Amino acid sequence: MTTLTTTDPRTGATADTGITATDDGAVAGIARAADEALRAVRSRPRSWRAGLLRALADALDADRAGLVATAMAETGLPEARLTGELTRSAFQFRLFADAVDDGAFLEAIIDHADDTPMGPGPDVRRMLVPVGPVAVFGSSNFPFAFSALGGDTASALAGGNAVVIKAHSSHPLTSQRSHAALEHAARAHGAPDGLIGIVYGQRAGAALVADPTVAAVGFTGSLSTGRILLDIIERRERPIPFFGELSSLNPLVITPAAAAARGDEIAAGLFTSFTGSAGQLCTKPGLAFLPASADGIVDGIVARGRDAAPQALLNSRIHDELGRIQHRLVADGGARVLLDARPGDEGFTVTPAVLEIAAAALTPAVAEEAFGPLLVLVRYESLDEVYSALGMIPDSLTATLHAEPDETETIDRFTARVHDLVGRIVYNGYPTGVRVSWGMHHGGPWPATNTQHTSVGVTAMRRFLRPLAWQDAPAHVLPAELRDGPVDVPRRVDGELQLAAR
């Protein structure tokens, strides 16, 4: 049996984890246990589910020191970043608990039997229900917030589903410890075994997606791996939803007026945004459009990069691929190197890289996501060049504009131009740092994601819910939220919205 290893990206040192890759038979058993657990909790009240989510959050806080130390050794991410990310993960569980208590996510509707212009109408009641066991693939760059402890796990559980986690190969020990915290807390709360499972190894991930018990997949990772999982799903006898966050360039545009008014401030903010977490963020701005005359911004970014210390990339694959992508951007795309990345003394460490190209010379060859601290500066003579160049960039999670308040026409035109290209438009800020809230949308057109839904925020639950209607049903088979009389959820009754009875 294959035993997994772990590598510290700060040093390149590899060690045995003692974790055995999950074989096909075990994957099937874990998926089956998830389905049985889901059936066991399906009739439990929402209050129990909200309590479970809060218990999971408490478990993360209780093992904070151990989780952060384990993740540091496997990702090379700094303690402050991981501490903040773990706080975010705990906050997500508690936010989803609040949403479960609120109950609006159910979209409860009652249409009583009545005469209609088409004749007598039956009694129809509808709300959203869990889809079934959800496979959650942990990401390399967020060992907490987008992995075992992440938003996919939290939103799937909040929707009433069971979860089977595919541990990421870059941080198996972090995944193991994270799952142990969740499993222990769930059991203490009275959850059946199997409600939160985990599998290890690439083969196990493929087997999990193919398992007929799995009803949906949440994935954050590369476009190439996402396509592999989609191919597996298409070969299933019963295809299932695949919610993938895959690739994004996140263009950022600086107007001449903004460059003149606050060039130093923009240089500092942009540098921080594309180098934060060693540039290994899905919302990192990969292309920044700035006026040909904005030498001060360019000089400010390059100077900061020249003084920057090496940062650890998450694994050898990301480290090696970043070098290959930079070479392609120069050799095939015609970009010019303003600041070359320098390797650190050990491990998978590297300093920032900055490339430059004229907007008129921009081609699709330059529009490639570089996962790491690399930024392409695109110099333009007129904003018309920018609007034309945006058509060569794959659709993204975000687009950002830095403009002055009186540039209303430019702001309106930019907004209209990117409206259909991205899932979030940022004004005078930076796309990194995705707020966990009710209003957040973290998604975008293909290849940013393959879904209209968000993977961050309360409405992320919608991915793992499906509508179910009961027609002329006896009252005893209806969920509590669909029975007549006062209930604690907002719902639409005979066409009129009714607030929850509290």
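The values are calculated or read from the model by the stated rules, or taken from the named source; none is laboratory data. Every value quoted in this text rests on a predicted model; they were computed, and no experiment measured them. Reconstructed Cβ throughout: ideal geometry from the backbone, glycine too, with neighbour counts over all protein chains shown.
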Cβ pairs under 7 Å, 6+ apart or interchain, first in the range 185-200 and closer than 26 Å to Ser170 by Cβ, second hydroxyl-bearing (Ser, Thr, Tyr) and not in a helix (DSSP H, G or I), ordered by first then second residue, are Val199/Thr22; Tyr200/Thr22
Matching option when the condition is farther than 23 Å from Leu478 by Cα and assigned to a strand (DSSP E or B), among Ile165, Ile110: Ile165
Tell me yes or no: at least one residue of the range 81-93 is within 23 Å of the chain's Cα centre (by Cα), at pLDDT 95 or above and under 16 Å from Glu183 (Cβ atoms). yes
Set Ala104, Ala69, Ala40, Ala59: member being buried (at least 17 other Cβ atoms within 10 Å of the Cβ) and either farther than 25 Å from Val436 by Cβ or within 24 Å of the chain's Cα centre (by Cα) (or both): Ala59
Picking from Arg10, Arg32, Arg46, which residue would you name as being farther than 21 Å from Thr174 by Cβ, basic (Lys, Arg) and out of contact with any helix residue (DSSP H, G or I) (no Cβ under 8 Å at 6 or more places or on another chain)? Arg32
In the set Gly138, Gly221, which member is within 23 Å of Gly29 (Cβ to Cβ), buried (at least 18 other Cβ atoms within 10 Å of the Cβ), at pLDDT below 95 and of a type outside the set (S, T, N, Q)? Gly138
Output the residue which, of all residues in the range 387-418 that are in a helix (DSSP H, G or I) and aliphatic (A, V, I, L, M), is nearest to Pro431 (Cα to Cα). Val418
When the range 144-169 is examined, which residues are found to be farther than 24 Å from Thr459 by Cβ and either among the charged types (D, E, K, R) or crowded, with 24+ Cβ neighbours inside 10 Å (or both)? Ala167, His168
Among the residues listed as Ala191, Ala259, the single one being assigned to a loop (DSSP other than H, G, I, E, B) and touching a helix residue (DSSP H, G or I) at 6+ places or on another chain (Cβ under 9 Å): Ala191
Scan (1) under 19 Å from the mean Cα position of the chain (by Cα); (2) within 17 Å of Arg88 (Cβ to Cβ) for the single condition Ser170 breaks and write down its number. (2)
Of (1) surrounded by fewer than 15 Cβ atoms within 10 Å (Cβ to Cβ); (2) over 30 Å from Pro310 (Cα atoms), Ala80 satisfies all except one. Which? (2)
Here's a check for you: in the range 392-406, which residue that is buried (at least 18 other Cβ atoms within 10 Å of the Cβ) and within 19 Å of Pro291 (Cβ to Cβ) is modelled with the lowest pLDDT? Ile393
Determine which single condition Thr410 fails, assuming it passes every other condition in (1) in contact with a helix residue (DSSP H, G or I) (Cβ under 7 Å, 6 or more places away or on another chain); (2) at positive phi. (2)
Residue by residue through the range 107-120, note down the ones that are free of Cβ contacts under 8 Å to residues at least 40 places away in the same chain and either surrounded by 14 or more Cβ atoms within 10 Å (Cβ to Cβ) or of a type in the set (A, V, I, L, M, F, W, C) (or both). Met118
Consider Asp472 carefully, then state whether it is over 29 Å from Val298 (Cα atoms) and at pLDDT 95 or above. yes
Within the range 54-74, can one find any residue that is charged (D, E, K, R), under 23 Å from Ala185 (Cβ atoms) and touching a strand residue (DSSP E or B) at 6+ places or on another chain (Cβ under 6 Å)? yes
Could you identify the single residue in Leu329, Leu377 that is surrounded by 18 or more Cβ atoms within 10 Å (Cβ to Cβ), in a helix (DSSP H, G or I) and touching a Leu at 6+ places or on another chain (Cβ under 7 Å)? Leu329
Please state which of the following conditions Gly300 fails to meet, knowing it meets all the rest: (1) assigned to a helix (DSSP H, G or I); (2) closer than 23 Å to Ala268 by Cα; (3) in contact with a strand residue (DSSP E or B) (Cβ under 7 Å, 6 or more places away or on another chain). (3)
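Among Arg435, Arg492, which is the only one that is more than 18 Å from the chain's Cα centre (by Cα), basic (Lys, Arg) and surrounded by fewer than 15 Cβ atoms within 10 Å (Cβ to Cβ)?
Within the list Arg435, Arg492, the selection yields Arg492.
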Among residues belonging to the range 334-357 that are of a type outside the set (A, V, I, L, M, F, W, C) and in a strand (DSSP E or B), point out the one that is nearest to Glu369 (Cα to Cα). Glu356
Please determine, by comparing only the residues of the range 469-486 that are under 16 Å from Gly103 (Cβ atoms) and touching a residue at least 24 places away in the same chain (Cβ under 8 Å), which one is surrounded by the fewest Cβ atoms within 10 Å (Cβ to Cβ). Ala480
Here are Ile266, Ile232, Ile240: which of them is in contact (Cβ under 8 Å) with a residue 12 or more places away in the chain, aliphatic (A, V, I, L, M), outside any strand (DSSP E or B) and buried (at least 23 other Cβ atoms within 10 Å of the Cβ)? Ile266
Matching option when the condition is surrounded by fewer than 17 Cβ atoms within 10 Å (Cβ to Cβ) and over 17 Å from the mean Cα position of the chain (by Cα), among Ala261, Ala215, Ala294: Ala261
Selection within the range 369-405 - free of Cβ contacts under 8 Å to residues at least 60 places away in the same chain and of a type in the set (Asp, Glu): Asp384, Glu385, Asp395
